[in-house]
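A.B. asks: One structure follows; several queries about it will come next.
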Amino acid sequence: MLQTLQLFPAGSLDVESKGTLAIANDTDPREAHLSGVHTVTLNFPGFSDGRAFSQAFLLRRRLGFKGDICAIGDV
């Protein structure tokens, strides 16, 4: 199954929306409570920092998250 990456212009995504979870790039997503969450935003603080890719992998493959995963920051 091919997954797509959604890109949003800076400031266009309201990360405080109900059902949206913003995960810092140094947080283990396995500790997040995903019930009721339909969108997860992952932070890319720098172009060469790829930790959010590992977080996305854990969310999809290990935790079975079916909602949207959005990249914010220096992508």
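The values are calculated or read from the model by the stated rules, or taken from the named source; none is laboratory data. Note that the structure is predicted; figures quoted are calculated from it, not measured. No Cβ is skipped: glycine too gets one built from the backbone with ideal geometry, and neighbour counts run over all protein chains shown. For the accessible areas, the whole protein counts, side chains as well, though only heavy atoms, and no ligand, DNA or RNA atoms are used. Shrake-Rupley method; radii C 1.70, N 1.55, O 1.52, S 1.80 Å.
A.B. asks: Within segment 32-60, take every residue that is without any contact (Cβ under 8 Å) to a residue 24 or more places away in the chain and aromatic (Phe, Trp, Tyr) and give me the one that is nearest to Cys70 (Cα to Cα).
C.D. replies: My answer is Phe53.
A.B. asks: Return the residues of segment 31-75 that are among the acidic types (Asp, Glu) and over 18 Å from Lys18 (Cα atoms); say none if nothing qualifies.
C.D. replies: Glu31, Asp49, Asp74
A.B. asks: Restrict the check to segment 67-74 and report whether at least one residue is at pLDDT 90 or above, in a helix (DSSP H, G or I), in contact with a strand residue (DSSP E or B) (Cβ under 6 Å, 6 or more places away or on another chain) and surrounded by 15 or more Cβ atoms within 10 Å (Cβ to Cβ).
C.D. replies: The answer is no; no qualifying residue exists.
A.B. asks: Looking for something open to solvent by 80 Å² or more (accessible area, probe 1.4 Å), modelled with pLDDT under 85, among the basic types (Lys, Arg) and part of a loop (DSSP other than H, G, I, E, B) - is there at least one such residue anywhere in segment 17-33?
C.D. replies: Yes, that holds for at least one residue.
A.B. asks: Here is a follow-up. Need the failing condition index for Ala56 against (1) part of a helix (DSSP H, G or I); (2) surrounded by 13 or more Cβ atoms within 10 Å (Cβ to Cβ); (3) over 11 Å from the mean Cα position of the chain (by Cα), just the number.
C.D. replies: Result: Ala56 fails condition (3) only.
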